[in-house]
Amino acid sequence: MNYPPPDQPNDDGKSPSDREPQEPQEPGGGDERQGGGTGAPYSEPQQPYGQPPHGPPPEGGPGYPGQQQPGYGQPGYGQPAYGQPPPGQQPYGQPPYGDARQDPYAPGGYGAPPPPPPGQQPYGPATQAPLVHGLPLAEWWQRLVARIIDTIIVVVPFFIIAFIIGIFYAITLIGEGATDFEVGTGDDLGLTIVLSLIFLAIALAYEGTMLRYYGRTLGKMALSLRVVPLDTPRDPGGSLPPGTAVVRALVWYGPSSLLGWIPFLGVLANLFPIVNGLWPLWDRPNRQSINDKVAKTVVVVDR
């Protein structure tokens, strides 16, 4: 095998390999650049913007030997991209996996209200009223409309009877030579009491009879309502016991009819039907009026 001859020393005693390398001269005039003048030689050509440099990374630099460094705007090895969370962490603004807060309406979530104090109803919409004998309780407005219908049914015959009695009473007074009289005093007080008792009799006859045999009045029939006992079994035919039907009607009409003619006390007695009618608005959970509580009944929707 033939080997190349060793480098021969020059006149200065140094071999060509021991010399310092000289920079190549640019064509067209040594260090002179285009346009004239002198300066540093041209540098290495730059890499395109955003591209990683060629060749191995410098010593002591980041990365592993033989691995290219990322260019500007590109994530390095093991580094998350811009806008991405570090490994092992949830995205910003997202709850950890399995956290109940990921559902704002889940129990205990950040959108759920705090639990109520012990002994109080939960916050939010009111709970649904309980069923009585498998039937839903009547709404207050339904009971109001039914009561208006029943009042008209009771008042119309009472006005007819009161008008007839009033005519006969006036004829009697005129026959006796009376020229003026004041209602509510003397004999007129007796007339007031008689008319109050007539009104109570008409109301008890109407409502007591309807509840006794049908469990509902004409007004409640129009609204598909029914009166049922609260604590005792319901009659299959829908009727109520006689005592329950009479007591319920008497508590409604009795105070104003029996006490309405008494001064001062009559004012409170005449306000009782209004308070009684409004009572189901705040009574919970059975939405009972005062006469319902006395008779132990409730009003349900029975279509």
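General observations
- Flag for LEU240 being assigned to a helix (DSSP H, G or I) and of a type in the set (A, V, I, L, M, F, W, C): no
- Test: PRO236 is touching a residue at least 12 places away in the same chain (Cβ under 8 Å) and surrounded by fewer than 17 Cβ atoms within 10 Å (Cβ to Cβ): no
- Looking only at the stretch 145-183, residues that are of a type in the set (Val, Ile, Thr) and modelled with pLDDT of 95 or more come to 12 in all.
- In the stretch 191-216, the residues that are farther than 20 Å from PRO233 by Cα and touching a residue at least 12 places away in the same chain (Cβ under 8 Å) reach residues that are in a helix (DSSP H, G or I) and polar (S, T, N, Q) with C-beta atoms within less than 8 angstrom, at least six apart or across chains, in these pairs: SER196/SER257; LEU197/SER257; PHE199/SER257; LEU200/SER257; ALA203/SER257.
- Residue that is modelled with the lowest pLDDT, among those in the stretch 226-237 that are in contact with a strand residue (DSSP E or B) (Cβ under 6 Å, 6 or more places away or on another chain) and in a loop (DSSP other than H, G, I, E, B): ARG234
- Hits in the stretch 248-277 - residues which are surrounded by 15 or more Cβ atoms within 10 Å (Cβ to Cβ) and within 39 Å of the chain's Cα centre (by Cα): ARG248, ALA249, VAL251, TRP252, PHE272, PRO273, ASN276, GLY277
- Taking the listed residues ASP235, ASP231, ASP292, the one that is closer than 17 Å to TRP141 by Cα and not β-branched (Val, Ile, Thr) is ASP292, with no other qualifying.
The values are calculated or read from the model by the stated rules, or taken from the named source; none is laboratory data. No experiment lies behind these values; they were computed from the predicted model shown. Quick reminder, even Gly has a Cβ in these numbers, built from the backbone with ideal geometry, and neighbours come from all protein chains shown.
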